[in-house]
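Values in this text are rule-based calculations from the coordinates and carry no lab data. Computed from a prediction, not measured in an experiment: that's the story for all the values here. Cβ atoms come from the backbone with ideal geometry, glycine included; neighbour counts cover every protein chain shown.
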Amino acid sequence: MSANPENPFALLKLPTTCTKEAVIEKGEEMLHEMHHDPDSQAAIRQAVQQIVTHPDERALYAALEIPDTDYEPYDHEWDRFARRFRRSPITPEMIRPLAEMFIEEQLHPDQLLSLLGPLLKANRPGPSSVLLPDAPAVESPPPLRPGDLFRG
């Protein structure tokens with residue numbers, strides 16, 4: 001555990017308006033995930049205890065947390081994006097004929113790109129972003145924690 005403990009709401013990735021039951025459930029879930037790391041387990045237990053059994057500490061940490069902070073939707077969107085694009089939508093079998101033509105006919109790289117363009121567009125959903133198609137929209141950077149402001 002660090003000398004400057006993290007806000008328990010931030011550690012558990014819970015909004016300050018969550019119920020005691022939600023805190024306990026999230027704590028149990030995280031303890032199960034961190035079964036190999038005793039230091040993380042200790043920090044999780046302490047965070048749950050601070051929120052559930054110490055109303056004064058809960059009020060203090062809730063006041064120090066950025067209002068309306070909610071960690072879950074941000075994490076779920078990016079997890080879904082990562083699962084969807086884990087593999088490339090283009091298979092080697094799709095590119096092989098173009099590669100053979102490139103080698104045999106000594107196509108200029110620009111010619112190869114013009115041949116690949118329709119293939120790439122046909123296998124991708126309509127892009128919502130030119131750089132990262134279908135990337136979840138990020139309205140703002142992840143929320144700051146009190147420690148980000150006070151520790152520099």
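On the principal axes of its alpha carbon atoms, segment 1-86 extends 44, 32, 26 Å, with the longest extent given first. Put a dot 7 Å past the Cα of Gln49, heading toward its Cβ, do the same for Thr19, and the two dots end up 2.5 nm apart. Rounded to the nearest 20 debye, the dipole size of segment 1-86 about its Cα centre is 220 debye, using +1 on the Cβ of Lys and Arg and -1 on the Cβ of Asp and Glu. Per-residue Cβ neighbour counts within 10 Å put Ser40, Ser114 in the sequence Ser114, Ser40, beginning with the fewest.
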